[in-house]
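The values are calculated or read from the model by the stated rules, or taken from the named source; none is laboratory data. Because the structure is predicted, anything quoted here is derived from the model rather than measured. Note that each Cβ is placed from the backbone with ideal geometry, even for glycine, and that neighbours are counted across all protein chains shown. Calculation scope for accessible area: heavy atoms of the full protein, side chains included, ligands and nucleic acids excluded. Shrake-Rupley method; radii C 1.70, N 1.55, O 1.52, S 1.80 Å.
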Amino acid sequence: MSDPIYHVVGSYVSPYVRKVLVVMALKGLRYTIDPIAPFVGGDAFQRISPLRRIPVLIDGARVINDSSVICQYLEDRHPSPSVYPADIGERAQARWLEEYADARLGEVIVADLFYQRGPKRFLFKEPVDEARFNHARDVALPASLDWLEAQMPQDGFLLGALSIADIAIAAFFRNAAMVRVEVDAARWPRTAAWLRRVLTLPEFARLAGIEDTIARTPLSEQRALLRSLGEPLSEATLGTEVARKGVMRLD
């Protein structure tokens, strides 16, 4: 394991947090974690995350926001093993695919699918926008999958070796599965096969076990459950018992 010990703020079920935790696992980095959803972050959370988004990485006195910025920071500090291609063109492509995941899949899978059937329903007690959910499932996500299918290799990973592109895209499909939206292997065979390869990697598989355990557990009970699972929880939390939406709305 490598020093220093980082501190991560963010829930295990967030695809953005998942991306960072997979990168940290691949690089053998130690961390503590305050596993809060952004909706329950208090004023102290907002001071370090002005957009009320997760993850946040704390390295000593330095606070770093945005999963892509965090992953690049970790890559710069711990370049081996690398999660970015060495070739400048492939590295640019990896960053583009990561951005495509964070932006487009974030909109379709997180805002239109996962949020609708997850936090909106269970945390805020608001009705699901079924029309929005159905459009994402039946129109928007298939359009994204059509594009992704053309990018997928016959075997292996997107750019040869495993990279941030694979990690970022696969992280979102875990959230789609949480609301019972799966990739149809008959319609998108390369994407489905690639996704199985990525999600069965030990770094993803370990997190999946944790995610499945806490997925239906109330937020107020998740810290105790995670501690019982041996996760490296911080002693203090930035979370509160009062839920509030972020400054950048999902609905």
Any trypsin sites (Lys or Arg not before Pro) in region 103-155 that lie in a DSSP loop and have at most 15 other Cβ atoms within 10 Å would be Lys125
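So what's the back-of-envelope 222 nm ellipticity for the chain, counting only DSSP H runs of four-plus at -39500 (n - 2.57) apiece and dividing by all residues, rounded to 500? Mind showing how you got there, number by number?
Values: 11 runs with 113 residues, N = 251.
Taken over the chain, the calculation gives -13500 deg cm²/dmol.
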Output for region 16-51: chymotrypsin sites (Phe, Trp or Tyr not before Pro) sitting in coil per DSSP, at most 15 other Cβ within 10 Å, listed by number, reads none
What whole number of Å gives the distance from the Cα centroid of region 14-69 to the Cα centroid of region 196-251?
-> 12
Descending packing, highest mean Cβ count within 10 Å first, for 52-60, 107-115, 81-89, 174-182 is 107-115, 52-60, 174-182, 81-89
Apportionment of accessible area to carbon and sulfur, the chain, percent (1.4 Å) = 55
Check the straight Cα-Cα distances from Lys245 and name the lysines below 18 Å, setting aside those fewer than 8 residues away within the same chain.
-> Lys120, Lys125
For the chain: accessible area per residue (Å², 1.4 Å) = 46
Heavy-atom accessible area of Ser80 with all protein chains present, probe 1.4 Å, nearest 10 Å²?
-> 100
Grab the Cα-Cα distance for Glu182 and Val242, subtract it from 0.36 nm times how many residues apart they are, and report the gain in nm with one decimal.
-> 18.3 nm
Could you work out the relative contact order of the chain, using alpha carbon pairs under 8 angstrom and six or more residues apart, expressed as a whole percent?
-> 28
Put Val23, Val13 in order of accessible area, largest first, 1.4 Å probe: what do you get?
-> Val13, Val23
Overall dimensions of region 1-84 as given by Cα atoms, namely Rg and Dmax in Å | 12.1, 37
